[in-house]
Amino acid sequence: MSCTGYTPLTKTVILPAVGKPPPVNGTVKIHIKQMLTDGKVLSDSLLNHPSGHEIDLTNTHVLSSLIDELMTMVPGEISQYRCRQEDMESGLFSVDLPSGQDLVIEVEMLDWSGQDISPAQNKSLRKSIMEEGNSKGKPCWTGKCLVSIESEGSAAKETLFRLGDGDSYNVPYPVELCTLTMTRNETCLLETPDSNITLKLLSFEKEKALYKMTTEEVMGSVQELKVRGNNAYKANKLRLAKLYYERCMTYIDSVAKSEQDDQCTEIMATCNLNLAQVYLKMEDYPKAVSYCTTVLWTQPKCVKALYRRAVGHNALCSHDEAVKDLTTLLDQEPGNKEAGKLLQKVRSHKLSKAQKESSLMISVFQKIEEEHEKEGLNGPPPVSVWDAAEETCPPELASMDAYNEYKGALEEEMKKQKEEAAARQAEYDLLNPPKKKKKKRKKKKKPVPEEVTIVETEELPVDKPVVEPVPAEPDAGMEYEVTAEKTFINKIEDPELANVVNSNLVLNGDQGASAVNLNDKESILESVKILTKEAVTSYENGDEDAVTIDGAVADLKDITLEENGVGEASG
């Protein structure tokens with residue numbers, strides 16, 4: 001539920017208190033309750049956050065007018081803020097109100113604290129702004145600053161120092177960290193585990209932005225930062241030297257890749273090696289190994305990188321990696337005395353480590369055996385029942401006869417107990433007979449089909465069927481009635497004779513096919529008619545042997561072809 005925007009709130013102090021209000025960049029711890037004007041509670045943070053609900057005053061998602069009001073409260077104060085229904089807007093505290101009801105927000109200020117500026121974010125360093133500055137720029141590492149420092153029990157003192165080299169000016173490291181977050185003319189309270197310090201940044205050295213610098217200017221600054229870093233390292237100012245080398249690498253990275261040359265690559269490798277040496281002296285061995293590895297990516301045979309990484313591996317008890325680096329180094333420079341000494345040292349450390357591990361394991365097993373002996377696990381086997389009976393035998397049964405009688409009584413008692421247990425078991429089995437288990441039907445196995453072997457045989461010659469020749473049909477242009485004459489004509493295999501017979505069949509008066517020019521030889525025509533009629537009549541009566549069709553056709557062929565003037569039948 002939220003009310004966003006700049007909603008006007010009406011404040012009513014329920015329980016006043018005395019103290020300092022929170023800073024503009026601080027964090028407040030409160031109890032907040034939302035309710036209606038009739039007293040109905042909508043939500044209460046006490047249920048979900050019994051120790052208090054924390055709100056960052058720099059959070060822009062919280063109602064701005066509520067933030068302004070919280071900055072006027074002091075620890076221990078309880079106030080109510082009323083928001084009218086017509087002023088409600090959607091957001092963090094929005095709620096659908098009944099008609100005629102307003103939203104009432106009751107806030108109890110428990111405590112407040114400054115901004116956490118500790119590197120580990122463990123709330124060990126807190127900054128509370130007392131007076132905001134008038135500029136947007138902030139100082140940076142290796143830059144000069146003029147700061148007014150006022151500690152508890154001492155007057156304010158203006159100090160000019162270089163960030164990163166505060167030790168040379170008796171400036172604590174927490175003050176340097178806080179100065180990096182300040183703007184010009186800003187006043188703040190720095191809370192440390194030891195004391196509270198009031199700081200005011202009067203002025204600082206502002207460097208030119210990298211994007212405004214040319215390549216020549218960047219390279220000139222790089223050379224200057226490198227010299228400063230070397231001087232700081234020689235003066236044993238390791239933290240300042242580290243900052244110079246890191247800024248030097250930042251400047252090189254700002255140069256475009258196309259404009260970088262061998263000089264940039266060489267300076268970058270030098271800075272990595274110098275940072276590795278600084279971290280070795282600061283005993284931060286993982287970072288030292290990391291920077292050496294970065295150099296070895298581009299220069300696998302760099303002697304300094306191999307040696308310094310071996311030192312780091314040896315400190316981290318990674319003796320195998322250290323031996324590998326030193327072996328590679330000695331292959332290139334067999335006469336390197338420092339590498340030889342370090343290799344012997346690494347091997348001795350490796351041997352001593354193995355001995356320590358073995359002795360540790362022996363001591364662990366010895367402790368286990370001692371504990372087992374205390375618990376009786378390593379002693380003789382446990383005492384039998386009869387031996388225990390002998391030990392617990394009363395004095396009046398100390399004689400052999402009495403002991404034997406006592407022992408027999410024990411045996412009888414044990415035998416009786418076994419019989420009673422067997423009787424109880426038999427009674428239980430009688431009352432609870434075991435259920436018969438259903439026999440599972442065995443599934444019949446399907447017969448395995450026998451393998452069929454195919455034997456290749458020679459193909460036998462097969463007589464091809466005799467295809468009878470299809471008789472040629474008469475000319476497609478002929479027209480005739482579908483009668484016995486048609487059947488008769490279809491039996492004529494010779495197409496020439498079929499045309500002749502078709503042309504001369506005149507069974508229905510003058511109808512039929514086209515006539516043959518007989519040159520007034522009526523005798524031939526009569527012969528044709530007689531022969532044709534006889535053949536047709538015999539075929540219709542089913543007597544094919546009376547006058548054979550072949551004979552009629554042969555006679556027709558002889559008569560027709562021997563006559564002069566008789567042409568081929570027209571189709």
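The values are calculated or read from the model by the stated rules, or taken from the named source; none is laboratory data. What you see is a predicted model; the values in this text were computed from it and never measured. All Cβ positions, even for glycine, are placed from backbone atoms using ideal geometry, and neighbour counts span all protein chains on display. Heavy atoms of the whole protein, side chains included, go into the accessibility calculation; ligands, DNA and RNA do not. Shrake-Rupley method; radii C 1.70, N 1.55, O 1.52, S 1.80 Å.
Would you mind getting me the FRET efficiency between L42 and A17? Use the beta-carbon distance for r and R0 = 30 Å, nearest 0.05. Mind dumping the intermediate values first?
On the way: r = 26 Å, r/R0 = 0.86.
Efficiency, rounded to the nearest 0.05: 0.70.
What trypsin sites (Lys or Arg not before Pro) does segment 157-256 have in DSSP loop regions with at most 10 other beta carbons within 10 Å? Please report the intermediate quantities before stating the final value.
Details: sites: K157, R162, R184, K200, K206, K208, K212, K226, R228, K234, K237, R239, K242, R247; in loops: R184, K206, K208, K237.
Taking segment 157-256 and a limit of 10 other Cβ atoms within 10 Å, the loop trypsin sites (Lys or Arg not before Pro) found are K208.
Please give the solvent-accessible surface of L160 in Å², to the nearest 10, using a probe radius of 1.4 Å with every protein chain present.
Rounded to the nearest 10, that gives 110 Å².
So what are the ³J(HN,Hα) numbers for segment 207-219, from phi and the Karplus equation (6.51, -1.76, 1.60; θ = phi - 60°), rounded to whole Hz, Gly and Pro as x?
Values per residue, Gly and Pro as x: 8, 6, 5, 5, 6, 9, 9, 7, 5, 5, 5, 5, 5 Hz.
Find which of T250, Q260, A276 sits farthest along the positive direction of the dipole of segment 214-291, computed with +1 on the beta-carbon of Lys and Arg, -1 on that of Asp and Glu, about the Cα centre.
Looking along the dipole axis, the top candidate is A276.
So what are the ³J(HN,Hα) numbers for segment 275-284, from phi and the Karplus equation (6.51, -1.76, 1.60; θ = phi - 60°), rounded to whole Hz, Gly and Pro as x?
5, 4, 5, 5, 5, 5, 6, 7, 6, 9
Looking only at segment 256-282, which residues have a backbone nitrogen under 15 Å from a spot 7 Å from the Cα of H349 in the C-beta direction?
280-282
Could you pull out every residue, at least 5 positions away or on a different chain, whose amide H is within less than 5 Å of the one on M130? Hs are placed 1.01 Å off N in the peptide plane, and Pro or chain starts have none.
Sorted by chain and number, the residues that satisfy this are T187, C188, L189.
Is the shape of segment 195-259 best called rounded, prolate or oblate, per the rule: a/c under 1.5 gives rounded, else a/b larger than b/c gives prolate, else oblate, with a ≥ b ≥ c the square roots of the Cα gyration tensor eigenvalues? Write out the running numbers ahead of the final one.
Numbers: a/c = 2.72, a/b = 1.45, b/c = 1.88.
Since a/c reaches 1.5 but b/c is at least a/b, the shape of segment 195-259 is classed as oblate.
Using alpha carbons only, how many angstrom separate the centre of segment 296-350 from the centre of segment 14-35?
60
For F161, F204, F365, give me the order by solvent-accessible area with a 1.4 Å probe, most accessible first, ignoring ligands, DNA and RNA.
From most accessible down to least: F365, F204, F161.
Beyond a 18 Å Cα-Cα separation, which of these cross-linked pairs lie in this structure: K281/K337; K242/K301; K136/K157; K242/K281; K20/K157; K144/K281?
Details: K281/K337 21 Å; K242/K301 25 Å; K136/K157 25 Å; K242/K281 11 Å; K20/K157 25 Å; K144/K281 26 Å.
Over 18 Å Cα-Cα: K281/K337; K242/K301; K136/K157; K20/K157; K144/K281.
Hey, what do the phi angles of segment 138-143 turn into as Karplus ³J(HN,Hα) couplings, whole Hz, using 6.51/-1.76/1.60 and θ = phi - 60°, x for Gly and Pro?
10, x, 9, 4, 6, x
Between S363 and N122, what length in nm is gained on full extension when 0.36 nm per residue of separation is reduced by their alpha carbon distance?
Full extension of this stretch gives 82.8 nm more.
What residues qualify as long-range amide H neighbours of G76, i.e. H under 5 Å apart, gap of 5 or more or another chain, H built at 1.01 Å from N?
M109, L110
Long-range amide H contacts for N196: which residues qualify at under 5 Å (H placed 1.01 Å from N, peptide plane, sequence gap of 5 or more or a different chain)?
E152
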